[in-house]
1. Just to check your reading of the model, which residue among LYS104, LYS84 is in contact with an Asp or Glu (Cβ under 9 Å, 6 or more places away or on another chain) and surrounded by 11 or more Cβ atoms within 10 Å (Cβ to Cβ)?
2. Just a yes or no: is a residue in segment 24-45 modelled with pLDDT under 85, assigned to a helix (DSSP H, G or I), surrounded by 12 or more Cβ atoms within 10 Å (Cβ to Cβ) and in contact with a Ser or Thr (Cβ under 6 Å, 6 or more places away or on another chain)?
3. Residue by residue through segment 87-101, note down the ones that are in a helix (DSSP H, G or I), surrounded by 14 or more Cβ atoms within 10 Å (Cβ to Cβ) and either on the phi > 0 side of the Ramachandran plot or aliphatic (A, V, I, L, M) (or both).
Amino acid sequence: MSSSSVFRSPPEACDALAAHDWPGNVRELRNIIERATILCEDGWIRSEELSLSPSPTPQVDGTDLEAIERRTIERVMRETPGNKVHASRKLGISRMQLYNRLRKYGLA
């Protein structure tokens, strides 16, 4: 096919394009279409040729957030050699909130 060829797409492929999250915006869309036009053999771009990877679903369960919070508190406590006043300021929480979290994560 030449660069001026017209490509067609069945409704399923159009639906897949419309439903995609497009985290890379226009550049990602352009790259996907370019790749699909190279892969298609008969002028029809099908959803298989689009190679759209599913958007990652964010983890929202408390375990992951708690693990992040614990690691952050551990890091800040190392950076402030155990000084809870400085650590709480750096974390943007009150000293009492820091004490509560230290107890919660067994870091006290």
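1. Among LYS104, LYS84, only LYS104 is in contact with an Asp or Glu (Cβ under 9 Å, 6 or more places away or on another chain) and surrounded by 11 or more Cβ atoms within 10 Å (Cβ to Cβ).
2. Scanning segment 24-45 turns up no residue that is modelled with pLDDT under 85, assigned to a helix (DSSP H, G or I), surrounded by 12 or more Cβ atoms within 10 Å (Cβ to Cβ) and in contact with a Ser or Thr (Cβ under 6 Å, 6 or more places away or on another chain).
3. Passing the criteria: ALA87, LEU91, LEU98.
The values are calculated or read from the model by the stated rules, or taken from the named source; none is laboratory data. As the structure is a computational prediction, the values presented were derived from the model and not from experiment. Neighbour counts run over all protein chains shown; Cβ positions are idealised from the backbone, glycine included.
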